[in-house]
1. For ARG178 and ASP51 in one chain, what is 0.36 nm times their gap in residues minus the Cα-Cα distance, to one decimal in nm?
2. Would you mind ranking ARG209, ARG118 so that the residue whose beta carbon has the fewest other beta carbons within 10 Å leads the list?
3. Round to the nearest 0.05 the FRET efficiency obtained for ASP225 and ALA298 when R0 = 45 Å and r is the Cβ-Cβ distance.
4. What is the extension gain from LYS188 to GLU147, computed as 0.36 nm multiplied by their sequence separation minus the C-alpha to C-alpha distance, in nm to one decimal?
5. With labels modelled as points extended 7 Å from the Cα through the Cβ direction, what inter-label distance (nm, one decimal) is found for ARG244 paired with ASP85?
6. Which value, in debye to the nearest 20, describes the size of the charge dipole of the chain about its Cα centre when Lys and Arg Cβ atoms bear +1, Asp and Glu Cβ atoms bear -1, and nothing else is charged?
7. For helix 59-75, report the angle its Cα long axis makes with the longest principal axis of the Cα atoms of the chain; keep it between 0 and 90° and round to the nearest 10°.
8. Quick check: pseudo-label points 7 Å beyond the Cα along Cα→Cβ at LEU261 and ARG217, how many nm apart are they?
Amino acid sequence: MGRAIHPTVTPLGYNKTMSTDVAISPPRHLSPSSASLFEQCPRRWRFRYVDRLPEPVGEEAVVGTFAHRVLELLLGEPAAARTQDRARELARQVWTEVEADTDFRSLALDDAAARAFRWKGWTAIAGLWDHEDPCSVEVASTERRIEVALDGVPFLGVVDRIDRCADGLVVTDYKSGRPPSRRFQDDKLAQVLLYAAAVGAIDGDAPARARLVYLGREGRVVEADARPELVDSAVAALRATWERLGEAARADTFDPAPGPLCGWCPHVDRCPEGQAEVRVRLEQGRMRLDAPAVPLVA
Ligand code: SF4
């Protein structure tokens, strides 16, 4: 589920007017989530990674963290012990950690909502059995932190799971939320193909497959053979993002890229272009009325 890895950037006395005359040092590392955010909107990337403005964590993400932690512990058990009963025990154990977590507390759930949260978490955990029998998985590692240069890009990530399968190593990332439509599948797979590239570069044993396991009611597995051309293409895209990010940092020009996601951007109150985008989309009936940004521009 891809815990966020924050690249280290040189903090800057930023005056909130969107531009300074001083170049910003590029990040020391680039993670898939950071690269993806920069491609989505450079200005939002700056808000998050340079200004370090807080981004509230939504319930879905916290549910995902809960499920992810339980599955990490479960897959760390001996193969025969990876049963749903054991998963329930682990979920009860992890729940005490979740209740104390600041992200969970920030959701301010009442008792009924907390029960619904636990149910969503369990639905995600149990979703794993829809895709595989954990008892039959040969786990090589879980939660492996990888740091390696990919085509000169200092790449950093945490791989949820690496399995040994008959055809070779398989890299897995758990996801909460809905699986992507076929149209966006390749974009999503780029992240795990980068993990495959990194594991291959470090271990000298290139993974055979890379997959995203979407947990929950509508879950499914999205996977690709980690063919060299696909892996190379993912690395080339990462390299291109890295170069664009470097240019933006040197000139401190992190332009806005308004689009449908402005409705859910936690920094829309600081972004006139994003507000205008939400307004236009509202007028055209192309913005969901429950988008958090809607009351801000109404
Ligand atoms: S509101 Fe839209 S354009 Fe502005 S920073 Fe957020 S995502 Fe980017």
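1. Length difference between fully extended and current span is 42.7 nm.
2. ARG118, ARG209
3. With a Förster radius of 45 Å, E is 0.40.
4. 12.7 nm
5. 5.3
6. Dipole of the chain, to the nearest 20 debye: 580 debye.
7. The helix 59-75 is inclined about 30 degrees to the chain.
8. In this crude label model, LEU261 to ARG217 measures out at 2.6 nm.
Only the coordinates and a few stated rules stand behind these numbers; no lab work does. As the structure is a computational prediction, the values presented were derived from the model and not from experiment. Positions of Cβ are backbone-derived with ideal geometry, glycine not excepted, and every protein chain shown enters the neighbour counts.
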